[in-house]
Every structure is written in C-alpha cells, then in structure tokens.
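Structure, as structure tokens:
The values are calculated or read from the model by the stated rules, or taken from the named source; none is laboratory data. Being a predicted model, the structure only gives us computed values, none of them experimental. Backbone-built Cβ (ideal geometry, glycine too); neighbour counts: all protein chains shown. The accessibility values were calculated without ligands, DNA or RNA, using every heavy atom of the protein model including side chains. Shrake-Rupley method; radii C 1.70, N 1.55, O 1.52, S 1.80 Å.
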Amino acid sequence: MSTVDQDTGEVSARASLVNDPKVRGLFYQVLLIAVLVFVGWSIVSNTIDNLARQNIASGFGFLGNTAGFGIIQALVPYAETSSYGQALVVGFFNTLLVAVIGIVFATVLGFVVGIARLSNNWVISRLAYAYVELIRNIPLLLQIFFWYFAVLRAVPDKRDRWSFLFDTVHLNIAGLWLPRPELEPGSSAVGVALLVGVAAAIAMRIWARRRQEATGKQFPVILTALGLIVGLPLVVFLAAGMPLHLSHPVFVEEGPILRRGFTLGSGMNLIPELLALTLALSIYTASFIAEIVRAGIQAVSHGQTEAAHALGLRNGQTLRLVVIPQAMRVIIPPLTSQFLNLTKNSSLAVAVAFPDLVSVGGIVLNQTGQAIEIIAIWMIVYLSLSLATSAFMNWYNRRMALVER
Amino acid sequence: MKTKLIPIVLGTAMGAAATAANAATLDDVKAKGFVQCGVSQGLPGFSNPDAQGNWTGLDVDVCRAVAAAVFGDASAVKFTPLSAKERFTALQSGEIDILSRNTTWTMSRDTSLGLNFAGVTYYDGQGFMVRKALGVTSALELSGASVCTNTGTTTELNVADYFRTNNMPYEIVAFEKSDEVVQAYDAGRCDVFTTDASGLYAERLKLSNPGDHMVLPEIISKEPLGPVVRQGDDQWFNIARWTLNAMINAEELGVTSANVDEMKSSENPEIKRLLGIEGAFGEGVSLSNDWAYNIIKQVGNYGEAFDRNVGPDTPLGIARGLNALWSKGGILYAPPIR
C-alpha cells in the first residue's frame with residue numbers, strides 16, 4: 001500500500017523488489033512452473049523406474065507385432081495377421097463412425113424434440129417433455145444394454161428375418177442387412193458431377209445473396225441448390241448408363257442349419273452392436289440437445305418475434321431468419337459439449353462387444369500388458385477428437401455470433 | 001470397469017512405493033492381516049460369490065489355502081473380482097497379493113509382464129459349445145459361424161488361430177464380461193460359445209435351457225490355469241507355489257481335512273515332513289512349521305477341493321481326467337517336501 005510516497009510520488013527503494021506486484025507475480029509464476037515441471041518429471045521418472053524394476057516391458061515397439069485376434073467390424077483392411085497398430089486404427093475408425101452417426105442423429109432428433117417441446121399442441125409438447133425427462137434420467141449404459149439385449153431378443157434369430165421395403169432391407173439377430181452398392185467403371189463421373197453441383201450451389205448462393213442485398217430481389221436458393229446437388233449427378237448417372245449395381249445379401253434356406261441364414265460377407269451388414277450403440281447414444285444425447293434447443297429459443301425475447309411479424313414476415317420466416325439465428329448463439333456452446341460427450345460416451349461400446357478404440361485398445365492392452373502406452377494412446381486420441389470438434393464448433397460459433405456494426 | 005482400471009494404472013504409474021515389487025509381500029500381508037486375492041467376477045466352480053457374498057470355488061480355495069499357510073486362518077482373505085482385462089494390472093500395481101483367476105500360464109505373461117506363475121491348479125483346454133439343434137458334431141464343421149467369447153484372453157487368440165489354420169471364415173463377437181457373453185449366446189447372437197472347457201461347463205449352468213447345448217469334442221489348446229504373483233519377490237512366490245504343492249502332496253499321501261489329526265501320528269516320514277512333525281520346512285518359506293497342516297485342516301487337499309467345487313458330484317460334473325494325480329493316470333505331480 002505505502003510503497004509510493006504520498007508527497008513525491010516516488011517509489012520507495014527499500015521495498016521495491018519484494019513488494020513490486022510485477023516482480024511478485026513473475027516470481028509466483030516461475031515457482032508454479034518449476035513445481036509443475038518437477039511433479040511431471042518425477043511422475044515420468046518414477047514410472048520408468050518402477051516399470052524397469054518390475055520387469056515390465058515399455059515403449060511403443062509392440063505396435064508392430066502381430067495382433068492375432070479377430071475384429072467383427074473393420075472399415076479399413078484388417079486380418080488376424082495385421083499388427084496391433086492396425087487393430088488400433090480399426091478401433092479408431094469405428095469410434096469415429098459411431099461418433100459421426102451419433103452426432104448427426106442426435107442433432108436432428110434433438111432439434112425436433114426441442115422445438116416440439118415448445119409446440120402449442122398440448123399432446124406434442126407433453127410427449128416431448130416425457131421423452132426428455134425419461135431418457136435423460138436413465139443411465140446411458142443401461143440404455144445401451146436395453147437396446148442391445150431387449151431388442152436382440154425381440155428380433156428373429158439368424159435362420160429367419162424380417163424384410164422391409166420390397167424385400168431389400170432385412171433385420172435379424174445378426175443385424176440389419178442392406179444391399180451393398182457396387183461401383184462400376186464410369187461411376188467416377190458421377191462423383192465429379194456431385195462436386196461440381198456442390199460448388200455451383202455455393203457460388204449460386206453467394207450470387208443470390210449479393211443480388212438480394214443490392215436489389216432486394218429474392219432467388220429460390222434452396223430449390224436451385226437441390227437441383228444442382230441432386231439433379232446434376234442424377235443426370236450424369238443416367239447418361240453414363242447407371243454405372244452402379246446393388247449386391248443383395250444372400251439368404252440361404254436349404255442345407256445344414258448352421259449354413260442357413262444370411263451368408264457372411266454378402267450385402268451390407270450393420271451389426272447389432274453398432275445399431276444398439278448408435279441408437280442409445282443418439283437417443284440419450286438428443287434428450288440433452290432438446291433442452292439446449294428449447295433454452296436457446298426461449299432465450300430470444302418475444303419482442304423479436306413481434307417485431308418480425310410487424311415487418312410482415314410470416315411465421316416460418318420469423319423462425320428461420322430471426323429467432324433461430326439468435327437462438328443459435330445460445331445453443332452452440334452447450335451443443336459442443338454434448339457432441340464431445342457423445343464422442344467420449346461411445347467408449348461404452350466395450351459393454352456390447354462393438355470394437356471401438358477403447359474395446360480394441362483393451363484387448364491390445366491385455367495381450368501385451370502395455371497399460372501405460374495404451375492409456376496414453378486413448379488419451380491422445382480422445383483429446384484430439386475433442387479438440388477438433390470444439391475447434392470446428394468455435395469456428396461455427398464465431399460465424400454465427402452477432403456481428404455488431 | 002474403466003473406473004477401476006484407471007486408478008490401477010495411475011497406481012502403477014505413480015509407483016505406489018509401499019507395494020512395489022521388491023517389497024516383501026509377506027510383510028505387507030501380515031501387517032494388514034489378510035491376503036488380498038484377485039478372482040473372477042463369477043465363474044461357478046472356480047470363483048463364484050453366493051447370495052451372501054461368500055466366495056467358493058477351486059481358485060478361491062487356493063487363496064484360502066495361502067491364508068491358512070500364512071495366518072493359520074483360512075478366512076483371512078479378501079477377494080477382488082476382476083475382469084480378464086484388469087487382472088494383470090491389478091497384480092502389478094499391488095492392488096492384490098495373488099491372482100487366482102482361471103488364468104492361463106503362457107510364456108509372454110510369465111516373461112514380459114513382471115509376473116510369475118506359481119503352478120497349475122487346473123489343466124484345461126479351449127472348447128466349443130453349440131446348440132444341439134445346429135446338428136454340428138465337430139468343430140471342423142463350424143465354417144462361417146459367429147463365435148462369442150471374452151476379450152483380452154488367450155481364448156480370443158486360439159479361436160483366431162484355429163479357424164485360420166482350418167481355413168474357415170468366422171465372425172468374432174467379443175465381450176468384456178463373461179455374463180454378457182452368456183447372455184448374447186443365449187439370445188442367439190452367436191452360433192458358438194468358446195472358452196476353456198471348464199468354463200463352458202460352468203457357464204452352461206447359466207443358460208436358460210442348459211440341456212439344449214452341447215460341448216464339442218475338440219479341445220484346441222493347452223490352458224494350464226494357475227495362481228500368479230508378482231515377479232521379484234521370491235519369498236511370496238515360494239509360499240504360493242508350496243501351498244499348491246502341499247495340497248497336491250497331501251492328496252497323494254492320503255491326508256485329508258478329516259484325517260489330518262490322526263495322520264500327525266503317522267509313521268510315514270513324508271507325512272511327518274508335510275505336517276511339520278519332522279524337519280523345519282516352515283522356516284524355508286518364513287512360516288510356522290504347521291503351515292501345511294493348517295492348509296489341509298482348513299481347506300483340504302487338492303482332491304477334496306476339486307471334488308467339492310467342480311467334481312462329478314457338483315453341478316459342473318467335471319471328471320478328474322488330466323487333473324488326476326500322476327499315479328492315477330493324470331498329470332498332477334508335485335515335487336516332494338524334503
């Protein structure tokens with residue numbers, strides 16, 4: 001307090017160093033860093049010492065060794081002769097698959113329920129309310145088990161099936177069986193057409209917005225974009241002589257009982273473990289997203305709606321152009337957390353035999369005993385996934401943020 | 001499960017000094033007054049808790065025998081149920097003193113995990129169980145089957161090897177807990193359930209209609225199951241190994257929990273050494289001289305433990321087979337106490 005002489009305004013020399021807030025701040029920060037470095041160093045060196053003393057092998061060399069175990073679902077090539085490293089890559093992509101599917105479904109379902117919750121229709125809003133309260137209060141693991149075991153016991157067994165959509169989609173205890181699209185030569189043109197369509201749609205939107213800002217004339221952006229993105233590839237697809245065929249799952253009804261049912265490797269098979277996990281994750285996370293959406297919409301003052309109506313905007317336009325953009329600013333940060341939660345919760349896959357990163361990593365951990373290395377890999381992967389998700393959402397948030405002029 | 005694994009791993013990482021490998025486990029055990037024993041999460045006949053939480057089984061009896069040898073009290077044991085995935089980390093980190101959990105003795109486990117296997121309590125081999133309705137009589141007919149099993153076990157590797165060498169495609173559905181494997185198999189998710197043959201007989205009891213299922217004749221691997229301790233503590237290793245040897249020797253010498261008191265006056269020098277009447281064999285393992293007497297009196301010999309838990313008169317109904325004494329057609333053979 002009294003380091004500054006009241007009369008002269010000079011800093012007292014005697015107390016300057018010890019009492020100087022800057023020096024003191026610097027001192028404590030250096031001290032903190034030194035302590036952190038020391039703690040970190042002692043953990044690492046202690047670990048290395050203990051591992052060596054207990055004769056436990058360490059290092060990442062084991063990743064090149066042959067894994068020797070099978071994995072039920074692999075998005076990248078994998079066989080029992082592949083290495084532990086490749087097994088972990090398979091697990092990583094499976095985690096990614098569940099996270100992406102889960103996030104898409106949870107977001108769609110969450111927005112629908114969240115908006116339904118605010119509906120003027122009593123039945124709809126009560127139903128949405130019941131959904132949210134029921135689902136978010138039941139532990140996720142129980143829900144995964146419910147979807148897996150309850151549903152597993154309800155569907156036909158392996159020698160039988162339920163068929164839908166003109167006999168193209170089938171369901172039994174081995175999962176959902178769909179036709180697998182097989183590409184033929186010439187199909188790359190369709191992909192090029194799709195890219196061109198997307199690029200043209202973006203350009204069209206920018207042009208339409210500029211024109212509207214300049215002249216006030218509106219342009220049917222959504223319809224045109226739809227035409228470019230769907231129509232253009234479709235035309236090319238037909239012009240190229242439909243370079244794609246569907247390979248249907250093969251169902252055998254004759255012969256030894258073990259051989260009956262769908263043949264392994266035919267058609268496209270979504271295993272029940274994947275279905276149960278994504279279903280449970282989406283439904284569970286959607287209940288939280290619904291509340292976030294409701295809170296976001298309710299955070300927009302009713303005056304905004306009234307003002308929009310006064311300007312002559314219709315209900316749909318009001319929601320799309322005035323309410324949702326403002327609500328999004330409130331919605332995005334907590335929504336990001338839900339996406340991160342969903343990604344991390346996908347590690348519960350281990351309970352229902354879905355080979356995600358944690359499940360496969362657990363097997364590798366057990367086969368090799370390299371606990372610390374595997375845990376480190378888990379931590380790095382989940383951290384990177386989380387940081388990537390939140391970086392994307394922060395970018396989106398900045399875009400959506402209210403620009404004050 | 002993960003909630004349990006992480007602290008264990010952190011424990012290893014931080015190297016909880018008191019439980020480090022070179023510390024004398026015996027002193028730690030004596031100081032706390034009980035043996036901390038890692039067992040399975042429930043495998044009838046081997047380690048299974050009843051409604052009151054009392055553990056029974058062959059693996060459990062080994063733990064009780066160690067407690068009887070150390071404390072003269074077979075009840076001085078606390079059990080930690082562990083999944084296949086958690087078991088070795090729990091032992092390495094010192095959370096448990098001995099792992100007695102139908103664990104296969106393999107070279108990599110013995111040499112690169114910082115562990116030592118104290119012996120074999122049960123000579124097992126991996127088998128397959130199927131529904132009788134499938135009409136399959138041999139594992140070689142299982143091409144294209146889906147197979148349910150546990151993760152993180154030798155089972156998973158053996159089944160991959162077996163199907164690959166026989167050029168049969170298959171689909172593996174691997175769960176972390178054996179209860180979930182049983183449920184999924186029972187629901188019909190898989191055609192085949194594979195694990196150690198003893199485990200198949202035990203898990204079959206949990207199925208809704210045990211009679212509808214059969215174990216195929218093929219045994220595709222050697223699975224010597226036995227107790228495990230940390231490497232680097234020879235004293236504790238000797239106690240575990242000789243506890244097991246004492247049980248096997250007692251059976252061979254005809255000493256049972258019922259007749260052990262009369263046997264004290266036996267003229268047979270081998271029995272005298274076993275029961276601590278002659279010589280000072282307790283000293284060698286830093287225990288009292290009646291260590292083996294306590295084991296036999298309170299837990300019984302190997303044959304008694306086998307008959308009580310998995311033998312022909314139990315629901316599992318497993319014949320002695322390979323696990324009979326060497327003198328009776330099996331391969332059970334313990335070095336002599338002398």
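Quick notes on this one:
- Computed P(r) (all Cα pairs; the protein assembly as shown; 10 Å bins; percent): 2, 11, 18, 19, 17, 13, 9, 6, 3, 1, 0, 0
- Taking a ≥ b ≥ c as the square roots of the eigenvalues of the alpha carbon gyration tensor, chain A is oblate, as a/c is not under 1.5 and a/b does not beat b/c.
- Most fluctuating residue given options A:Thr224, A:Thr389, A:Thr278, as computed from a GNM of chain A linking Cα atoms under 10 Å: A:Thr224
- Distance violations [Cα-Cα > 26 Å] among A:Lys158/B:Lys206; B:Lys85/B:Lys328; B:Lys30/B:Lys177; B:Lys32/B:Lys297; A:Lys158/B:Lys85: B:Lys85/B:Lys328; B:Lys30/B:Lys177; A:Lys158/B:Lys85
- Helix B:2-14 and the longest principal axis of the C-alpha atoms of chain B enclose an angle of approximately 50°.
- Radius, Kirkwood style, for the stretch A:250-405 when every pair of distinct Cα atoms is counted (Å): 19.7 Å
- Dimensionless Rg over Rh [the stretch A:213-334; C-alpha; Kirkwood]: 1.20
- Candidates A:Phe354, A:Phe164, A:Phe219: whichever shows maximal mean-square fluctuation once chain A is modelled as a Gaussian network with Cα springs under 10 Å: A:Phe219
- Over all Cα atoms in the stretch A:7-125, the spread is summed up by Rg and Dmax: 29.3, 84 Å.
- B:Leu43 long-range amide H proximity, modeled H, under 5 Å: B:Asn48
- Sequence-distant contacts, meaning Cα pairs under 8 Å at least 6 residues apart, place the relative contact order of the stretch B:160-294 at 12 percent.
- Helices in chain A that qualify as membrane-span-like (whole DSSP H runs, Cα extent of at least 30 Å along the helix axis, mean Kyte-Doolittle hydropathy of 0.0 or higher) are A:21-53, A:84-117, A:187-215, A:272-299, A:371-400.
- Judged by the ratio a/c of the largest to the smallest principal axis of the C-alpha gyration tensor, the stretch B:122-210 counts as rounded, that ratio being less than 1.5.
- Solvent-accessible area of A:Trp395, all protein chains in place: 120 Å² (probe radius 1.4 Å, heavy atoms, ligands and nucleic acids excluded).
- Principal axis box of the stretch A:54-119, alpha-carbon based, largest edge first, Å: 63, 31, 13
- Choice from A:Pro355, A:Pro243, A:Pro21 with maximal GNM fluctuation in chain A (Cα, 10 Å cutoff): A:Pro21
- Other residues with beta-carbon under 13 Å from the beta-carbon of B:Asn259 carry, at +1 per Lys or Arg and -1 per Asp or Glu, a net charge of -2.
- Annotation for the stretch A:147-186 versus the stretch A:238-256: alpha-carbon center distance of 14 Å.
- In sequence order, calculated HN-Hα J values of the stretch B:172-183 (Karplus, 6.51, -1.76, 1.60; Hz; x Gly/Pro): 9, 10, 10, 9, 7, 10, 5, 4, 6, 4, 4, 4
- Once the mean of 1/r is taken over each pair of separate Cα atoms and inverted, chain B shows a Kirkwood hydrodynamic radius of 20.7 Å.
- Annotation: average projected area of the stretch A:136-268 is 14.2 square nanometres, based on the convex hull of Cα atoms across all directions.
- Scattering profile of the stretch B:240-338 at q = 0.24 Å⁻¹ [log10 I(q)/I(0), Debye over alpha-carbon scatterers]: -1.26
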